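Read the structure below first, then the notes.
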Amino acid sequence: MKNPVYADLKHADGSSRNIIIEPMLEHDLADTGVYKIYKTSVDNESMLFTEEMEIDGDGPTLADEDNPDYLGAIYFPQSGPWHYEGELLSNGEQQQIISILQQKA
């Protein structure tokens with residue numbers, strides 16, 4: 001997967017959470033098997049923020065732990081088990097993300 005994917009995670013109570021699955025790529029656009037997960041502003045839980053445009057890529061960036069929209073990362077290697085690094089996604093949400101990644105692979 002080379003481009004971010006917008007997804008809607010469903011909950012048992014009928015509610016949902018809108019997320020962005022962002023693949024972390026090598027410089028040659030090779031897949032690393034790491035996907036960062038962010039909530040979107042659509043779910044009204046997101047704290048919108050603005051950053052200056054990074055033209056040269058050397059400007060300051062917002063660290064994931066400082067980003068209120070960051071939900072964690074899924075490590076989904078080509079071989080071996082996947083794992084979630086974070087505390088904000090339920091097991092059901094993690095499973096839904098894995099299903100999405102399997103469909104996109």
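Throughout, read-outs are computed from the coordinates displayed, never taken from laboratory work. Everything numeric in this text was worked out from a predicted model, so none of it was measured. As a convention, Cβ positions derive from the backbone with ideal geometry for all residues, glycine included, and neighbour counts pool all protein chains shown.
Between L62 and Y75, with labels modelled 7 Å along Cα→Cβ, what's the label distance in nm to one decimal, could you check?
2.6
Using a 10 Å cut-off around each Cβ, can you sort E22, E87 from fewest to most neighbouring Cβ atoms? Spell out each step's value before the answer.
Working: E22 16, E87 7.
Result, fewest neighbours first: E87, E22.
Which residues does a label at H11 reach in region 64-105, if reach means a backbone N under 14 Å from a point 7 Å past the Cα toward the Cβ?
Taking a point 7 Å out along Cα→Cβ of H11, the residues of region 64-105 whose backbone N falls under 14 Å are 88-94.
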